[in-house]
Amino acid sequence: MITYEWSRKESFIFFLVAVLVYVYPLTLADYFYVEDSFRAAYGYASWRAEGRFLIDGFYHFLSLSNGAPDSSPLGLLVACVVMATALEKLAFHYFCHVNVFSSMVVLPVFFSPLFLSDLAYKYDGPVMTVGLAMMVFAITFKSERKWLEWWGSTLLVGSALCIYQPLINAFFGLCCIELYRAIKDKKATREWVMLGLEKAMQAGVASLFYLCAIVPFMGTERQQLLALDKDWPVVMFQRLENAEERIRPLYTGDSAWFFGVMAILFGMGYAWAGFSALRERPGWVSKVLVSLAYISIVPLLIMSVPGIMLVFFYENNDARAMLGSGPLLVFIVLVIHQWLNAVQRNLTVFVVLPIILFLSISYSYGRVLSLKKELETSVMSSLAYSLTSNAALASVEVFYFNASAQDYWLPASAGTVSIMPVMPYLVAADFLFLPEAMARVGITNVVQASHEHSAGVRLKPDARPIVDNWFYSIYVEDGDGYIVMKKQPRVNP
């Protein structure tokens with residue numbers, strides 16, 4: 001099995017099966033994640049204000065309409081085919097001869113645990129998968145005509161930006177891997193320097209196009225950047241530290257020992273590859289340049305995890321924006337695979353273990369989403385019963401929904417969270433449900449309360465609830481209803 005080499009067709013079939021197995025728990029959970037509730041309820045298809053107009057195009061094409069009907073998981077299945085194609089091309093880009101274990105090396109592009117927060121979205125997830133595949137295609141695209149290869153890759157990067165801006169993080173990470181491969185393969189200094197400049201220019205031209213053509217149509221809140229003053233470096237490092245603090249539970253839970261072993265193997269492999277690349281370099285100038293470039297690869301890959309989110313005015317450390325995590329994991333597994341292959345080819349079987357861990361996280365995440373769905377449905381059904389069965393609420397035409405942010409609260413998942421403490425970060429929902437979700441239990445007169453119509457502004461100090469239970473209180477004031485969701489205690493470790 002170790003020596004058997006796959007054809008491109010066999011490789012594609014493997015990757016297609018792998019990505020379908022990976023997303024299966026998410027399709028099984030069938031969870032409406034955050035904005036999915038109102039998009040499904042109203043067939044709402046407008047991402048243009050967010051600068052992501054290609055998502056509109058994806059659903060217009062998929063439904064042959066001007067809307068976005070809930071056709072899940074059709075979009076995800078289409079995206080899985082695209083991703084499998086991208087992974088197949090990346091595998092043959094990295095390896096002359098592809099087998100089962102070398103194929104495992106590229107899977108973390110898609111199998112990154114942080115990307116689960118993107119895949120959880122019924123609407124955004126499939127298109128972001130296509131966008132991630134575009135970044136892979138931008139690296140692997142080859143043509144005999146160099147101008148076509150250059151502009152083709154640039155167009156792919158620009159198109160991915162029109163799906164989700166932080167996807168550029170994945171491109172940065174993949175470019176760092178290209179730099180590593182060029183140095184390890186002992187390419188001339190001029191070659192890898194030109195490679196770096198070429199990739200930087202492609203990213204720059206694609207970003208310039210996006211800034212000129214798309215950004216003017218975006219909301220102003222998404223255009224604000226961090227001020228370039230004397231505190232800028234301090235703020236950047238602080239944001240990196242904040243991002244690491246939020247991601248830390250991924251590698252400090254019960255699997256911390258495994259990540260420790262991976263770190264040791266990676267360190268040994270990285271040092272081995274570095275010394276090997278330097279040994280045959282002619283001249284001290286070349287050795288110094290290669291050393292500086294080689295040492296910078298790991299810090300650049302780490303910075304690419306949050307990537308461009310570091311420079312926006314509003315700090316965003318959500319898992320869905322950490323799109324540089326996939327290339328970082330690929331790099332770690334690639335270095336380990338190359339070193340183990342040099343030591344003893346049979347040892348490359350070790351690279352299966354990270355994939356097993358990532359699959360385990362995916363299936364646990366799917367179960368947590370199912371548990372959250374059960375809790376939400378139970379509370380929504382209770383709320384629907386309260387609204388329809390109480391005579392004092394019968395004449396109320398509209399109910400204003402008031403929900404304050406709360407910590408992750410899902411008692412049924414306490415066991416999973418104790419073993420995988422990263423789970424609350426991946427779920428990333430600081431509310432029980434959105435008012436638009438009430439349409440799923442037959443209630444359509446519940447709307448999100450604005451500040452003007454919030455319970456805190458409209459209710460009198462001595463107001464008494466018509467209904468009061470563990471999860472919510474319902475008030476009536478001047479003919480309007482007010483649903484006040486209660487903040488639940490954090491019971492999980």
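The values are calculated or read from the model by the stated rules, or taken from the named source; none is laboratory data. None of the values given here were measured: they were computed from a predicted structure. FYI the Cβ positions are ideal-geometry reconstructions off the backbone, even for glycines, and counts take in every protein chain you see.
Within the span defined as the range 404-421, one or more residues are modelled with pLDDT of 90 or more and part of a loop (DSSP other than H, G, I, E, B). Each residue in the range 1-44 was checked for being basic (Lys, Arg) and in contact (Cβ under 8 Å) with a residue 40 or more places away in the chain, and 2 of them qualify.
Would you tally the residues in the range 436-459 being among the basic types (Lys, Arg) and in a loop (DSSP other than H, G, I, E, B)?
First pass over the range 436-459, keeping only residues among the basic types (Lys, Arg): 440, 458.
From what is left, the residues that are in a loop (DSSP other than H, G, I, E, B) are none.
Summing the residues that are among the basic types (Lys, Arg) and in a loop (DSSP other than H, G, I, E, B) in the range 436-459 gives 0.
Within the span defined as the range 450-470, one or more residues are under 30 Å from ALA321 (Cβ atoms) and loosely packed, with under 14 Cβ neighbours inside 10 Å.
Can you say whether ASP36 is surrounded by 17 or more Cβ atoms within 10 Å (Cβ to Cβ), more than 28 Å from VAL368 (Cβ to Cβ) and charged (D, E, K, R), as far as the supplied structure shows? So ASP36 fails the test.
Inside the range 66-80, residues that are touching a residue at least 24 places away in the same chain (Cβ under 8 Å) and either under 15 Å from GLY131 (Cβ atoms) or among the polar types (S, T, N, Q) (or both) make up a count of 6.
Among the residues of the range 81-105 satisfying the criterion of being touching a residue at least 24 places away in the same chain (Cβ under 8 Å) and aromatic (Phe, Trp, Tyr), which is nearest to LEU26 (Cα to Cα)? If we take residues in the range 81-105 being touching a residue at least 24 places away in the same chain (Cβ under 8 Å) and aromatic (Phe, Trp, Tyr), then PHE101 is nearest to LEU26 (Cα to Cα). Just for the range 102-151: of the residues that are among the acidic types (Asp, Glu) and surrounded by fewer than 24 Cβ atoms within 10 Å (Cβ to Cβ), which one is modelled with the highest pLDDT? Among those residues, the one meeting the criterion is GLU149.
The set of residues in the range 471-486 being surrounded by fewer than 19 Cβ atoms within 10 Å (Cβ to Cβ), touching a helix residue (DSSP H, G or I) at 6+ places or on another chain (Cβ under 6 Å) and farther than 18 Å from ALA391 by Cα consists of PHE471 alone. Condition check for LEU323 on (1) within 23 Å of GLU178 (Cβ to Cβ); (2) modelled with pLDDT of 90 or more; (3) out of contact with any Asp or Glu (no Cβ under 8 Å at 6 or more places or on another chain): one failure, at (3).
Out of SER153, SER143, SER159, one residue alone is on the phi < 0 side of the Ramachandran plot and part of a loop (DSSP other than H, G, I, E, B). It is SER143. Only a single criterion out of (1) under 21 Å from MET134 (Cβ atoms); (2) under 17 Å from the mean Cα position of the chain (by Cα); (3) not hydrophobic (A, V, I, L, M, F, W, C) is not satisfied by GLU35, namely (1).
Residues that are out of contact with any Pro (no Cβ under 9 Å at 6 or more places or on another chain), over 26 Å from ALA138 (Cβ atoms) and not hydroxyl-bearing (Ser, Thr, Tyr): does the range 206-218 have at least one? Steps first, answer last, please.
Going through the range 206-218, the residues out of contact with any Pro (no Cβ under 9 Å at 6 or more places or on another chain) turn out to be 206-218.
Pick out the ones that are also over 26 Å from ALA138 (Cβ atoms) and you get none.
No, because not a single residue in the range 206-218 is out of contact with any Pro (no Cβ under 9 Å at 6 or more places or on another chain), over 26 Å from ALA138 (Cβ atoms) and not hydroxyl-bearing (Ser, Thr, Tyr).
Can you spot a residue in the range 19-28 that is farther than 20 Å from GLY326 by Cβ and out of contact with any Asp or Glu (no Cβ under 8 Å at 6 or more places or on another chain)? Yes: the range 19-28 contains one or more residues that are farther than 20 Å from GLY326 by Cβ and out of contact with any Asp or Glu (no Cβ under 8 Å at 6 or more places or on another chain).
Tell me, which residue of the range 1-55 that is in a loop (DSSP other than H, G, I, E, B) and among the hydrophobic types (A, V, I, L, M, F, W, C) is modelled with the lowest pLDDT? Spell out the reasoning first.
Let us first name the residues in the range 1-55 that are in a loop (DSSP other than H, G, I, E, B), namely 1-7, 30-35, 43-47, 51-52.
Filter once more, keeping what is among the hydrophobic types (A, V, I, L, M, F, W, C): 1-2, 6, 32, 34, 45, 47.
Numbers: MET1: 55, ILE2: 60, TRP6: 90, PHE32: 90, VAL34: 81, ALA45: 67, TRP47: 80.
Looking at the filtered set, the residue picked out is MET1.
Name the helices (runs of 4 or more DSSP H) wholly inside the range 215-308 in which the number of residues that are on the phi < 0 side of the Ramachandran plot and over 21 Å from the mean Cα position of the chain (by Cα) is 3 or more.
Working: elements: 232-247, 249-252, 256-279, 284-304.
Counting at least 3 such residues, we get 232-247, 256-279, 284-304.
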